[in-house]
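The values are calculated or read from the model by the stated rules, or taken from the named source; none is laboratory data. These numbers come from a predicted model, not from an experiment. Cβ placement follows ideal geometry from the backbone for every residue including glycine, while neighbour counts extend to all protein chains displayed.
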Amino acid sequence: MTQNSAQTTRYLADYRPYPFHLRETRLVFDLSPDATRVQSELDFTPLAQGADLVLDGGSALILHRLSIDGRDLSPADYDRKDETLTIPAATLPDGPFTLSADVQINPAANTTCEGLYLSGGIYCTQCEAEGFRHITFYPDRPDVMAPFQVTIHSDQPVELSNGDRAVPSEERHGAITRIGALWIDPWPKPAYLFALVAGDLRAVSGRFTTMSGREVALNVWVRPGDEDRAGFALESLVKSMQWDEQVYGREYDLSEFNIVAIDDFNMGAMENKGLNIFNSKLVLASPDTATDTDYERIEAVIAHEYFHNWTGNRITCRDWFQLCLKEGLTVFRDQQFTSDLRSAPVKRIEDVKTLRDRQFREDAGPLAHPPRPDRYQEINNFYTATVYEKGAEVIGMLKRLVGDDGYKAALDLYFTRHDGDAATIEDWLAVFQDATGRDLTQFKRWYTDAGTPHLTMAEDWAADDGRLTLTFTQETAPTPGQPDKPPRVIPIAVGLIGQNGDELRETQVLEMTQAQQAFRFDGLGARPVVSVLRGFSAPVTLSRDLDDAGRAFLLAHDRDPFARWEAGHGLALSSLTAMAQGGTAAAGHLDAIGRLIADQTAEPAFRALCLTLPGEDEVASLLAARGVTPDPDAIHAARESLAADLAQAHQAALAALYDAMETGGPYTPDAEPAGRRALRLAALGLLSRLDGGARAAALFDKAGNMTEQMGALTALVRADRADAALDRMLGLFSGNRLVMDKWFAVQPMAAPPARAASIARALAARDDFDWKNPNRFRALIGGLAANHAAFHAADGSGYDFIADWLIRLDPVNPQIAARISAVFDTWHRYDPDRRARARAALNRIAALPGLSRNSSEMVTRIIAAGD
Ligand code: TRP
Ligand code: ZN
């Protein structure tokens, strides 16, 4: 399936507009598993004299006929090579013309989950970013937008495409005349938003009346038998539609909105116009099969894809370098949505955790790139935490700098000025400049420069004058291809706290623009404690002179929930880094946690976050940033022993908390009971270090929902006494793919590191390890990679296991192979022996004959970190 196309790099600077206008696209599909026919008619108008018509088209397309205005072209009239088909200008009419093609493709042979493929007998498509070229010849670039008419012929009961259903038309193919489903999408769109689904599906349906009174039919399409697990997705869709009207004034624009759940899907979900396609794990939920986290993610991703209708579809990207224009903004919007519906402080902390775990990691290693990259080899490798999460973070900073009113004015201008456009980051920044008058020249560096700025804060207290001076220094380390990092504008939210815990100065946002800059606070009676980067006001790392007593003080007193959590997190990191290097826990850490457990005023979900220790990867990163070579085994031992110490110190309080947080009554996935369950399970996790898993075993047997069942199972796997529970779960759920994915993931991920690789190997040998399914592959292979000490095992067994499987997957599904290869991106920070083993594993992947462009780009970048 894969061809090793020449390694060509694409550059933002090379952007040229397409020299033809595409007035309309008409497609007729005759679906059959191994010989689907795609007939296309494309109405073009030349925009420039003498331009060749260049179409994208994968090498697997079988071209039966190509004609212009009804006149057949012979192979001599065009040039087909690699992934393009070129018709020279001389062969084209001077004015408007219609290009028709008859193409054959083989969905059954397509294992890539890109283009048109079959998932469990359902025909479906995935076209972003460049999948449409595997369906037919087309200008497959986001700035070529056209209205679509799509006719589908198949033997399937349900046939869907973008837009609105139209009266079925009659299409003649040879001798047979058949009625097909006809879909008309009046909104001009790029090919990446095209979608088609045909299969035996059932709808769970609802209605929505938009703010202007338009009636919209809503359908969530699932396999027969899954209808009772689609209700939550439908409710989430209604909430999303309401929210976007209320908060952004954005209304839906078709008479139908369809969502389809698909089992074989590379990512989370896809915003195809009017026909969102979802990984089934982000649609299907019932209390006995989905966890609280699953429910929250379903709600957020349904919202995310729906919000794309305006930020992505009505206004799309000019080219793929601008990807964060739609993704950063849509993530920002879905984060706002979740904050509004659930707990804003808890959501903020969760988002910062994700940002640090995934994006800071990216920025600190060989895969660092700016939110708007200026070059790539394979665009699929740039659907990253930097483009998505940092892209959202940058918008949060912009909003902080221009204020809520400025943000609203800018967004209104964005929607009116750019509706129907394929836009750029420059367009985006211009609406903020024009709406607020603020010069964003320096701010733009957040989009163009990679790397996480490091802030240092020094305090100078002048007691006689009652003046505190805060001096900040910013520095960003070089990243691949970007040696120099000029200073950026950094919003720093600061509050001052009195020694008695009172808020002396409420939060204000300091705007740092220089490499070094001082800010003064006058009129203070006594030296305050500084609470800095409240709400995580900028995506930076921070060093300051704060000892563990100061952290404990902030954990007890800070009014800003993020800063409060951050103080506790800092204490835990202080303990863990010390313990991993043979030292002891931070002074006062255990006591501070004790006070937090007892703090009934803090919401349970918040306390749960404070009780959860930082992950081993984070400890390793912190040590590496300080120039210490991390020892994975020592880090694991330190984390286990700190957890045991915490449990020992607060055994009675934790046991009481575990009992008190039991949720009675029927399960609901709402934030409040979910928070209680999270706190209960955090307590269970600690207590299991003392009771050997006894409580967890009891909970597993009587748990009435998947959240508690998985919480208990995780504790049992960690305690290495999960056999009975795993068997029981297998007996109950062997027929449920999504639960089985959890079953495959928890074992390698939570098992004691010394046993994890052999557990993973045994699981990989099972018949139900359906490795061609992206969710299943990610569960097992990604699960082992997420077990820090197992992946980085000294004997190289973790590296080899992952590399073996990536080599196997690459020819089948290069997108997923390349994405998972990123787990190697920290290999260079370990000791020489581990480095040698990791490098050998990476070299084996790099040497694979026919390695995909996807994996080749990733592995080349990653290996370069060792040079
Ligand atoms: N645009 C999608 C989103 O963020 C993500 C996406 C990009 C995707 N490429 C994909 C999803 C390939 C599935 C497969 O919502
Ligand atoms: Zn998106």
Checklist entry - With respect to the numbered conditions (1) away from ligand 1 (no atom under 16 Å from the Cβ); (2) touching a residue at least 60 places away in the same chain (Cβ under 8 Å); (3) part of a loop (DSSP other than H, G, I, E, B), which one is the sole condition not fulfilled by A129? => result (1)
Checklist entry - Is it the case that some residue within region 245-263 is on the phi > 0 side of the Ramachandran plot and in a loop (DSSP other than H, G, I, E, B)? => result yes
Next on the checklist: Consider region 337-372. How many of its residues are over 15 Å from the mean Cα position of the chain (by Cα), part of a helix (DSSP H, G or I) and among the hydrophobic types (A, V, I, L, M, F, W, C)?
Outcome noted: 5
Checklist entry - Looking at L282, L275, which one is under 18 Å from D226 (Cα atoms) and crowded, with 20+ Cβ neighbours inside 10 Å? => result L282
Checklist entry - Within region 290-300, can one find any residue that is within 16 Å of ligand 1 (Cβ to nearest atom), within 13 Å of the chain's Cα centre (by Cα) and surrounded by fewer than 23 Cβ atoms within 10 Å (Cβ to Cβ)? => result yes
Checklist entry - So which of I105, I68 is of a type in the set (A, V, I, L, M) and closer than 19 Å to E130 by Cβ? => result I105
Checklist entry - Which pairs do you get when a residue that is not assigned by TED's automatic domain parsing to the domain that holds F194 and within 8 Å of ligand 1 (Cβ to nearest atom), found in region 267-279, comes within reach of a residue that is among the aromatic types (F, W, Y) and assigned to a strand (DSSP E or B), reach meaning Cβ atoms under 6 angstrom, with the pair 6+ apart or on two chains? => result A269/F278
Checklist entry - Does A818 meet the test of being among the aliphatic types (A, V, I, L, M), surrounded by 20 or more Cβ atoms within 10 Å (Cβ to Cβ) and within 16 Å of L784 (Cβ to Cβ)? => result no
Item to check | Selection status of A261, within 16 Å of ligand 2 (Cβ to nearest atom) and free of Cβ contacts under 8 Å to residues at least 60 places away in the same chain | outcome: no
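Which strands (runs of 3 or more DSSP E) does region 470-585 wholly contain that include 2 or more residues that are more than 30 Å from the chain's Cα centre (by Cα) and not aromatic (F, W, Y)?
The strands (runs of 3 or more DSSP E) meeting that bar are 490-497, 503-512, 516-521, 529-532.
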Item to check | Qualifying position, being at pLDDT 95 or above, closer than 18 Å to F801 by Cα and assigned to a helix (DSSP H, G or I), among A754, A715 | outcome: A754
Checklist entry - When the residues of region 330-361 are filtered to those that are more than 15 Å from ligand 1 (Cβ to nearest atom) and of a type in the set (A, V, I, L, M), which remaining residue is farthest from F824 (Cα to Cα)? => result L341
Checklist entry - Which of the following residues is outside any loop (DSSP other than H, G, I, E, B) and crowded, with 23+ Cβ neighbours inside 10 Å: A652, A644, A656, A683? => result A683
Next on the checklist: Could you check region 264-302 and list, in sequence order, the residues that are out of contact with any Ser or Thr (no Cβ under 7 Å at 6 or more places or on another chain), in a loop (DSSP other than H, G, I, E, B) and more than 15 Å from ligand 2 (Cβ to nearest atom)?
Outcome noted: G274, V283, L284, A285, S286, P287, D288, T289, A290
Checklist entry - Hey, among D253, D264, which residue is touching a Gly at 6+ places or on another chain (Cβ under 9 Å) and more than 16 Å from ligand 1 (Cβ to nearest atom)? => result D253
Checklist entry - Pick from A51, A13, A35: which is exposed (fewer than 11 other Cβ atoms within 10 Å of the Cβ) and either touching an Asp or Glu at 6+ places or on another chain (Cβ under 7 Å) or of a type in the set (A, V, I, L, M, F, W, C) (or both)? => result A13
Checklist outcome for this item: Per the list (1) surrounded by fewer than 24 Cβ atoms within 10 Å (Cβ to Cβ); (2) within 16 Å of ligand 2 (Cβ to nearest atom); (3) more than 18 Å from P190 (Cβ to Cβ), residue check on I315 breaks on (3)
Checklist entry - Applying the selection to region 303-329, what residues are over 14 Å from H418 (Cα atoms), within 12 Å of ligand 1 (Cβ to nearest atom) and assigned to a helix (DSSP H, G or I)? => result A303, H304, E305, Y306, F307, W320, L323, C324, E327, G328, L329
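Please state which one of R761, R766, R819, R778 is more than 25 Å from the chain's Cα centre (by Cα) and either in a helix (DSSP H, G or I) or modelled with pLDDT under 95 (or both).
Exactly one of R761, R766, R819, R778 is more than 25 Å from the chain's Cα centre (by Cα) and either in a helix (DSSP H, G or I) or modelled with pLDDT under 95 (or both), namely R761.
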Checklist entry - For region 81-112, which residues satisfy the criterion of being part of a loop (DSSP other than H, G, I, E, B) and within 19 Å of E159 (Cα to Cα)? => result N106
Checklist outcome for this item: When restricted to D405, D460, D464, the only residue among the acidic types (D, E) and assigned to a loop (DSSP other than H, G, I, E, B) is D464
Next on the checklist: Would you confirm, using the coordinates I've provided, whether F232 is in the same structural domain as S40 (by TED's automatic domain parsing) and at pLDDT 95 or above?
Outcome noted: no
Checklist entry - When only residues in region 823-847 that are farther than 21 Å from E616 by Cα and crowded, with 20+ Cβ neighbours inside 10 Å count, which is farthest from the chain's Cα centre (by Cα)? => result A841
